[in-house]
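Q: Below is one structure. I have some questions about it.
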Amino acid sequence: MGEGRRRVRGRGAGMRKKDEEEEKRKKEGRESRRPLTDGTTLVSEDGTFELGFFSPGSSTNRFLGIWFQNITPKTVVWVANRDHPINNNTTKFTITKEGNLVLHTQNGTVHWSTNATTKAIDTNVVAQLLDTGNLVVRYEKDNDSQNYLWQSFDHPSDTLLPGMKLGWEVTKDVNLKRYLTAWNNWEDPSSGHVTYGFSQSNIPETQILNGSSILYESGPYNGIRLSAVPSLRHHPLFFYDYECDMADSDECYFQFHPRNKSLISRDDCDNFNRCGSFGICRVTGDSSSSTCECLTGFEPKSPENWVAGNWSEGCVPRSKKWGCREKNKDDFVVLRNVKVPYSSTCWINRSMTLEECWGKCWDNCLCTAYANSVIIGKGSGCILWFGDLLDMRHLPDSGQDLYVRLDISQMANQDAKAKGNSTKMVIMVTAIFSSVVIAIGILAFIYRRRKAKVVIWFLNMQLMEYSLSNLTFIALAWRLWKECIPMEFIDSCLGDSCILSEAIRCIHIGLLCVQHQPDDRPNMTSIMAMLTSKSALPQPKEPLFLIEKCIVEEDFGKMMFYSNNEVTISKVGPR
C-alpha cells in the first residue's frame, strides 16, 4: 500500500508538473517578454483573438495585426503598422525596458513603435493579448487596467470592439482621440479618408466623415444617449455606456457590450441630410426602406423632384408672408420623437428652462428651432438652431421634442403650439474687425446718379459692437440671397428712393466681402471697381460667420470657437 501510495503520489506530481508546463505554455502564448517573429503568434487566453504578421489579399506587404482566430476568412480588427508596410519577413516585434512596443527589421529599421505616456519603472514588463482583443503593456504582477502602460484600445484602427471606448479624453496628462479610420481598400490597410468618432465640441455627437464631408451624424448627446440612437428597450441586442462630461469637457465616449453576436442593421435615414433642409426622414414598412417628409408648415422646394424621390433640395416655409415676432403668427410647433438637427450653427445654455429657451428663440428672428439640451427627467438646458434645419429623422421609440418656428396662423391644429415668455436675447461673440467693417457693406445701398448719393442703413449695428447682431444680419442677408429674394432685405422706409438693381448689387458685394476663404474676398480697390461698374460678379458662398459655429454661453468669456475638424481651437479677435 505504501508503494501504491508512492506511485499515486508520483503520478500526481507528474500530472501537476505536466499541468504546470501546459499552463506555462498557454501563458507564454498570451503573454510575451520575448520577441515575436514573423510566423509566430500571440493568442488570447480564450482563443478568440490572435496577434501576428499577415498579408492582406494578394498583397506581399507584411503587417502586424490582431484578428479573430476562428473566423474564416481572416477578419482583422487592428493593425499596428498600417501606414508603414514591411516588404520582408525578417521583422521582430519586441518590448523595450521602458515599456514600449517596437516593430523593427533585422537591419534595425523601425516601422512602428508605441509611445507610452507612462514609462516603466522596472523591467518586469509584459505584452498581453486580452480576451477582448485589447493588446496591453503592463507590469507582470499588476493586472489593474488603470495601470496599463499602453493599450491598443486607445489607438483603434477600423473596428469598434466590445469594451473599446470611442471618443476623446483631454486632461493635463492625457490627450486621447479614439476614432475609427477605414482601410484604403481590402488589400491596403493604410488610413483611408472615411473616419468615425466623436466631435470634440461643446455639443458632442458622433460623425462619419469622408474627408471633411459629413456622411452621418448622430445628433447631440442629450444626457441619456445620442439623439439619433434608437431606444433598445424592446429588442436589446447590446447594452451600452455613454460618458460625456459636458460641464468639464474632459472626456466623452461611447462604449458597447453585445448580449449576443447578432448583426445590427442600418437604414437609409442614417445617410447624412438625406431629406435636405427642413425635411425629416422616416423609416417605412419592414425598416428596409425610408421616405422623406417636409416638416409641418413646410413644403418641397421642388415638388417635381420631391415626387420623383430626389429630396436633396429639401423644403421651404409654406407661408411667404411670415413676420418675425408678429403676434398670433410667429410661434413654434412641437415635433415629437425626432432626432434633433445637425448642430452646426447653434447656441447652448445648460441652465435654462424650456420656457426661457422659447423666449430666447422667439426674440431672435434668425432662430429657427429650439429644444432641451438634456432630456433626463423633465428636461433642462437650451439649444437654439439658426438657419436651415438639417439631418432630422423620426425615431418612434426614442428621440425628443423639437420646437420649430413657423407661421402658426396657417396651422389647423393650434393645440400643438409651444407656449412661453419672451425675453431679450443678447449673446456676445467675437468678430474679426475687418469682416465687421465689410459686413456693413451688406447694409450699404449705393445709389449712383448725378450727385453720386450714398445711403447707408446701419440697422442699429455699431461698428465695434461684438454681438450676435453681426451674425444675425449677415445670416439674414445670406438666407434671403439663397432663397432668391434679396430685395426683402431692403428696409421698407426707403420706399421708391432706391434703385432695386443697384441695392441688390451692393448686397451681392457685401456677401463677397465676408467669404470664408481670404482669397475669395475682394480688396478695397476691387470693391470700388465693383460699385462703379456693371461687370459680372462671382457668386458668393456661405459667409465666414455662419460656418460650423456652435456658441456656448458659459464660454463667452473665453472668446473661443471650436472648429468641427477636431484639429485646432482658434482664438479670434480684431486684426
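Q: What ranking do 397-408, 344-355 get when scored by the average of other Cβ atoms within 10 Å per residue, highest first?
A: Taking the mean over residues of other Cβ atoms within 10 Å, the ranking is 397-408, 344-355.
Q: Can you give the net charge of the other residues whose Cβ lies under 10 Å from the Cβ of ARG405, counting K and R as +1 and D and E as -1?
A: -3
Q: Compute and list, largest first, the equivalent-ellipsoid semi-axes of segment 320-380 from the alpha carbon gyration tensor, each √(5λ) rounded to a whole angstrom.
A: 22, 13, 12
Q: In sequence order, what are the phi-derived ³J(HN,Hα) couplings for segment 48-61 according to the Karplus relation 6.51 cos²θ - 1.76 cosθ + 1.60 with θ = phi - 60°, rounded to whole Hz, with x for glycine and proline?
A: Whole-Hz 3J(HN,Hα) from phi for segment 48-61: 6, 10, 9, 10, x, 9, 8, 10, x, x, 8, 5, 9, 5.
Q: Peptides 142-153, 92-103: what's the order by average Cβ count within 10 Å, highest mean first?
A: Result, highest mean Cβ count within 10 Å first: 92-103, 142-153.
Q: Using every pair of alpha-carbon atoms in segment 47-122, split the distances into 5 Å bins beginning at 0 and state the percent of pairs per bin, rounded to integers.
A: Percent of pairs per bin, in order: 3, 15, 23, 22, 18, 13, 5, 2, 0.
Q: Can you list residues whose amide H is under 5 Å from TRP150's amide H, if they're 5+ apart or on another chain and H is modeled 1.01 Å from N?
A: VAL137
Q: What fraction, in whole percent, of alpha-carbon pairs in segment 41-83 exceed 12 Å separation?
A: Every Cα pair in segment 41-83 considered, those over 12 Å come to 57 percent.
Q: Could you compute Rg(Cα) / (2.2 N^0.38 Å) for segment 128-235, with N its residue count?
A: My calculation over the Cα atoms of segment 128-235 gives 1.23.
Q: At a 1.4 Å probe, what is the % contribution of carbon and sulfur to the accessible area of segment 300-346?
A: 47
Q: Whose amide H sits under 5 Å from the amide H of TYR216, counting only residues 5 or more places off or on another chain, with H placed in the peptide plane?
A: Hits under the 5 Å cutoff: ILE208, PHE272.
Q: Work through the residues other than TRP183 whose Cβ is under 15 Å from its Cβ and net out their charges, Lys, Arg +1 and Asp, Glu -1.
A: Around TRP183, the charge tally is -2.
Q: From the cross-link list LYS301/LYS339; LYS321/LYS534; LYS177/LYS378; LYS360/LYS541, which pairs have alpha carbons spaced over 30 Å apart?
A: LYS321/LYS534; LYS177/LYS378
Q: Let me ask you something else. Less than 15 Å Cβ to Cβ from GLY377, Lys/Arg counted +1 and Asp/Glu -1: what total charge do the surrounding residues give?
A: Taking every other residue near GLY377 into account, the sum is +2.
Q: If you average 1/r over all unlike Cα pairs in segment 63-222 and invert the result, what Kirkwood radius do you get in angstrom?
A: 17.3
Q: Modelling each spin label as a point 7 Å along the Cα-to-Cβ direction, I'd like the GLU187/GLU98 distance in nm, to one decimal.
A: A separation of 3.8 nm, rounded to one decimal place.
Q: Heavy-atom accessible area per residue, segment 84-168, 1.4 Å probe: how many Å²?
A: In whole numbers, segment 84-168 has 48 Å² accessible per residue.
The values are calculated or read from the model by the stated rules, or taken from the named source; none is laboratory data. Nothing here was measured: the structure is a model prediction, and the numbers come from that model. Methodologically, a virtual Cβ is constructed for each residue, glycine included, from the backbone with ideal geometry; neighbour enumeration extends over all protein chains shown. When the accessible area is computed, the model is the full protein with side chains, heavy atoms only, and any ligands, DNA or RNA have been set aside. Shrake-Rupley method; radii C 1.70, N 1.55, O 1.52, S 1.80 Å.
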